[in-house]
């Protein structure tokens with residue numbers, strides 16, 4: 001069956017716009033997170049910084065419970081719904097149930113804070129968790145509102161308010177405390193600043209929703225049975241969200257039980273490794289609603305083209321970081337955190353392997369949600385969560401930070417790999433086509449051999465140009481190996497439509513690089 005090109009171009013345009021906006025927003029978030037980390041590490045003691053890192057981890061755990069899986073369920077059910085009445089019922093149910101869940105999560109974390117602090121022998125953690133309970137509720141509901149817009153392929157609330165505004169305000173409040181002598185940046189003031197930033201971000205996204213949501217969904221009657229449909233789809237995704245959290249942070253929690261003083265050091269390496277997943281995270285967010293429309297209309301060819309093409313070009317955001325962090329870990333840590341962290345190179349190398357493995361398989365978990373295969377996704381998340389927690393308890397007592405890194409790496413490679421195997425069996429959806437694999441290996445293998453020859457004492461200021469060179473090499477290898485396919489051509493058309501003009505030079509180069517026949 002021929003692939004309907006206009007539909008693919010439309011989907012490519014949505015993915016390109018959404019991924020770019022989310023990627024930029026995430027870069028702003030990472031920049032803000034980096035600045036706040038520098039401020040906090042320089043202003044707080046190691047014990048206070050580790051307690052704050054643990055506080056964020058436990059608050060995130062409760063957020064995974066409190067979100068109930070509603071975000072992904074709404075983002076999938078809205079484009080799949082067959083009427084406006086059905087969509088109105090889905091949105092109302094999500095907001096009512098999600099609002100109640102955010103309140104319950106806030107109260108629960110406030111009550112459990114002192115008990116958690118006693119369990120990990122960190123007295124400062126009790127008040128931290130009680131204060132963070134407010135931000136937990138704010139973020140749960142804010143994320144749910146953003147997921148409603150995600151269902152309409154509008155990523156702006158997530159990019160503007162959750163990814164950009166929230167960290168910007170956190171930086172602003174911390175900086176204000178540093179420069180105002182009557183305050184000074186103390187541990188508790190840092191927590192107050194985080195909560196205030198989350199509250200202000202929620203207020204902004206609610207104002208946006210009141211303004212923009214009527215443009216997507218006019219007032220009117222609601223279809224009967226909408227709540228049942230949404231909640232039935234949500235149930236397995238709730239468990240998926242909880243287990244996915246353990247896959248990402250279970251090792252951190254276990255490390256806190258054995259060695260709470262060095263949690264901050266481990267989180268520093270993990271934060272860098274997660275940079276590799278920025279592109280695929282942005283892609284997954286917008287891929288879900290776009291792919292859902294194709295699957296609803298049984299356009300599997302469109303899903304395959306969109307999947308492999310988007311994954312292929314998102315490698316540009318992760319391949320340079322992967323090669324730098326694995327082969328030049330010391331300078332990479334030095335560039336980001338300074339010389340104090342250059343001794344923890346092995347944990348960074350290990351977690352980077354897991355992050356890259358989860359990136360090159362593409363948005364497999366989002367594809368499973370789009371297919372409606374939430375039960376399979378639940379099984380995958382249980383396996384991955386068990387791998388993370390099991391290896392963490394087994395290895396951390398003997399290997400410390402490296403044991404935690406091995407647990408995280410293993411779990412975050414297993415989870416997307418299982419999802420990819422299943423979506424390939426469902427619809428032959430996978431990224432490992434010749435036009436993706438060939439330039440990937442043609443770039444990675446010779447670059448890795450060259451980086452092995454680079455002195456480990458290289459100046460940190462060489463890393464940005466090296467990373468840019470790796471990205472350009474991937475583009476060059478794509479052209480040299482003639483790895484341009486129909487999906488790349490449709491992506492170019494979508495980008496031209498997005499910017500409102502043709503790009504003749506790129507068209508000519510791409511035409512030369514297309515395989516014969």
(request) Kindly check whether there is at least one residue in the range 171-186 that is in contact (Cβ under 8 Å) with a residue 12 or more places away in the chain, touching a helix residue (DSSP H, G or I) at 6+ places or on another chain (Cβ under 7 Å) and part of a loop (DSSP other than H, G, I, E, B). (result) yes
(request) With respect to residue 437, determine if the residue is free of Cβ contacts under 8 Å to residues at least 12 places away in the same chain, over 23 Å from the mean Cα position of the chain (by Cα), closer than 30 Å to residue 302 by Cβ and part of a helix (DSSP H, G or I). (result) yes
(request) Kindly indicate which of 255, 276, 288, 283 is more than 20 Å from the chain's Cα centre (by Cα), buried (at least 24 other Cβ atoms within 10 Å of the Cβ) and touching a residue at least 24 places away in the same chain (Cβ under 8 Å). (result) 255
(request) Look at the range 177-208 and say how many of its residues are surrounded by fewer than 20 Cβ atoms within 10 Å (Cβ to Cβ) and either at pLDDT 85 or above or under 30 Å from residue 153 (Cα atoms) (or both). (result) 10
(request) Could you run through the range 365-379 and say how many residues are touching a residue at least 60 places away in the same chain (Cβ under 8 Å) and at negative phi? (result) 10
(request) Might you check whether a residue that is assigned to a helix (DSSP H, G or I), surrounded by fewer than 19 Cβ atoms within 10 Å (Cβ to Cβ) and over 19 Å from the mean Cα position of the chain (by Cα) occurs anywhere in the range 306-321? (result) no
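Matching residues to (1) modelled with pLDDT of 85 or more; (2) surrounded by fewer than 23 Cβ atoms within 10 Å (Cβ to Cβ):
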position: 38; (1), (2): no, yes
position: 51; (1), (2): no, no
position: 58; (1), (2): no, no
position: 66; (1), (2): no, no
position: 97; (1), (2): yes, yes
position: 106; (1), (2): yes, yes
position: 113; (1), (2): no, yes
(request) May I ask you to say which residue of 146, 159, 126 is surrounded by fewer than 19 Cβ atoms within 10 Å (Cβ to Cβ), part of a helix (DSSP H, G or I) and touching a helix residue (DSSP H, G or I) at 6+ places or on another chain (Cβ under 6 Å)? (result) 126
(request) Can you confirm whether the range 478-500 contains a residue that is modelled with pLDDT of 90 or more and within 17 Å of residue 311 (Cα to Cα)? (result) no
(message) Please verify whether residue 336 is crowded, with 24+ Cβ neighbours inside 10 Å and at pLDDT below 85, treating the condition exactly as stated.
(response) no
(message) So if I check each of 151, 137, which one is in contact with a helix residue (DSSP H, G or I) (Cβ under 8 Å, 6 or more places away or on another chain), more than 21 Å from residue 366 (Cα to Cα), buried (at least 21 other Cβ atoms within 10 Å of the Cβ) and touching a residue at least 60 places away in the same chain (Cβ under 8 Å)?
(response) 137
(message) Pull out all pairs, ordered by first then second residue, where Cβ-Cβ is under 6 Å, the residues are six or more apart or on different chains, the first lies in the range 36-60 and is on the phi < 0 side of the Ramachandran plot and touching a residue at least 12 places away in the same chain (Cβ under 8 Å), and the second is crowded, with 19+ Cβ neighbours inside 10 Å and not in a helix (DSSP H, G or I).
(response) 43/185; 51/122
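The values are calculated or read from the model by the stated rules, or taken from the named source; none is laboratory data. This is a predicted model, so every value here is computed, not measured. Using ideal geometry, Cβ is built from the backbone for each residue, glycine included, and neighbour counts are taken over all protein chains shown.
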